[in-house]
Amino acid sequence: KQEVTQIPAALSVPEGENLVLNCSFTDSAIYNLQWFRQDPGKGLTSLLLIQSSQREQTSGRLNASLDKSSGRSTLYIAASQPGDSATYLCAALNTGTASKLTFGTGTRLQVTL
Amino acid sequence: AAGVIQSPRHLIKEKRETATLKCYPIPRHDTVYWYQQGPGQDPQFLISFYEKMQSDKGSIPDRFSAQQFSDYHSELNMSSLELGDSALYFCASSSEKGRSSPLHFGNGTRLTVT
């Protein structure tokens with residue numbers, strides 16, 4: 001059974017800092033790993049999707065990496081802004097299931113002025 | 001661009017009542033998913049449909065059922081509601097069962113059972 005863990009659970013940084021969010025998963029038999037952003041009481045917004053054959057994906061100030069062998073993914077946010085404040089969730093799509101994403105518990109990020 | 005539409009946004013029901021949540025996926029997406037998110041928790045997978053057929057089943061109670069219709073919209077039916085069913089219910093859609101394209105989530109239906 002896939003288990004996804006995110007560290008830290010919460011993070012507060014001043015504006016302008018670069019930061020790294022960590023995600024680890026126990027079962028490396030995945031199709032892909034996805035990173036989402038969730039604002040309070042809102043839906044999830046897809047940020048990046050990394051296929052199992054890829055090492056990283058970039059979108060603007062965001063860069064996500066994937067190391068399947070070690071069961072780890074990181075989300076790097078450059079030059080953080082107050083608007084980046086949200087909960088960030090990673091989720092793994094296993095090859096053993098047709099379509100079930102397993103989510104981590106999230107990292108709650110606050111970027112202060 | 002069109003997004004996943006969920007209705008209603010908020011729903012208040014009493015214990016033992018029934019509720020129906022609706023989801024309209026992004027056009028041309030062939031896979032629909034339902035997730036339940038309790039307060040402070042990560043989303044838990046309930047059920048998914050691929051091309052109108054049930055694809056995968058997660059931790060969905062027997063009191064709940066879902067289906068996908070010919071126009072690809074989906075409904076989650078919840079009966080004999082319990083206090084513990086209070087949560088945010090998300091619908092998501094994707095193409096190809098999410099294997100090569102990301103899931104797109106709706107804004108959710110907040111269900112409160114009193």
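The values are calculated or read from the model by the stated rules, or taken from the named source; none is laboratory data. In this text, all values refer to a predicted model and were calculated from it rather than measured experimentally. So basically every Cβ, Gly included, is an ideal-geometry build from the backbone, and we count neighbours across all protein chains shown. For the accessible areas, the whole protein counts, side chains as well, though only heavy atoms, and no ligand, DNA or RNA atoms are used. Shrake-Rupley method; radii C 1.70, N 1.55, O 1.52, S 1.80 Å.
Can you say whether residue A:39 is open to solvent by less than 70 Å² (accessible area, probe 1.4 Å) and farther than 13 Å from residue A:93 by Cα, as far as the supplied structure shows? So residue A:39 passes the test.
Using the structure shown, decide if residue B:33 is under 22 Å from residue A:106 (Cα atoms), within 12 Å of the chain's Cα centre (by Cα) and of a type in the set (Ser, Thr, Tyr). Let's see the steps before the verdict.
Numbers: under 22 Å from residue A:106 (Cα atoms): yes; within 12 Å of the chain's Cα centre (by Cα): yes; of a type in the set (Ser, Thr, Tyr): yes.
Here the answer is yes, as residue B:33 does meet what is asked.
For the range A:10-25, what are the residues that are under 12 Å from the mean Cα position of the chain (by Cα) and open to solvent by 60 Å² or more (accessible area, probe 1.4 Å)? The answer is A:20, A:22.
Pull up the range A:47-92, narrow it to residues that are hydroxyl-bearing (Ser, Thr, Tyr) and open to solvent by less than 10 Å² (accessible area, probe 1.4 Å), then point me to the one that is nearest to the other protein chains (Cβ to nearest Cβ). That would be A:88. In the range B:1-58, the residue that is least open to solvent (accessible area, probe 1.4 Å) out of those that are hydrophobic (A, V, I, L, M, F, W, C) and more than 18 Å from residue B:104 (Cβ to Cβ) is B:19. With respect to residue A:32, determine if the residue is open to solvent by 40 Å² or more (accessible area, probe 1.4 Å) and in contact with a Pro (Cβ under 9 Å, 6 or more places away or on another chain). When the stated conditions are applied, residue A:32 does not pass them. Quick check on residue A:3: is it of a type in the set (Asp, Glu) and farther than 27 Å from residue B:55 by Cα? No, not satisfied. With respect to the conditions (1) assigned to a loop (DSSP other than H, G, I, E, B); (2) within 11 Å of the chain's Cα centre (by Cα), residue A:28 lacks only one, and its number is (2).
In this structure, is residue A:104 at the interface with chain B (Cβ under 9 Å from one of its Cβ atoms), closer than 20 Å to residue B:98 by Cβ and without any contact (Cβ under 8 Å) to a residue 60 or more places away in the chain?
In short, no.
Restricting attention to the range A:7-34, the residues being more than 15 Å from residue A:76 (Cα to Cα) and more than 14 Å from chain B (Cβ to nearest Cβ) number 4.
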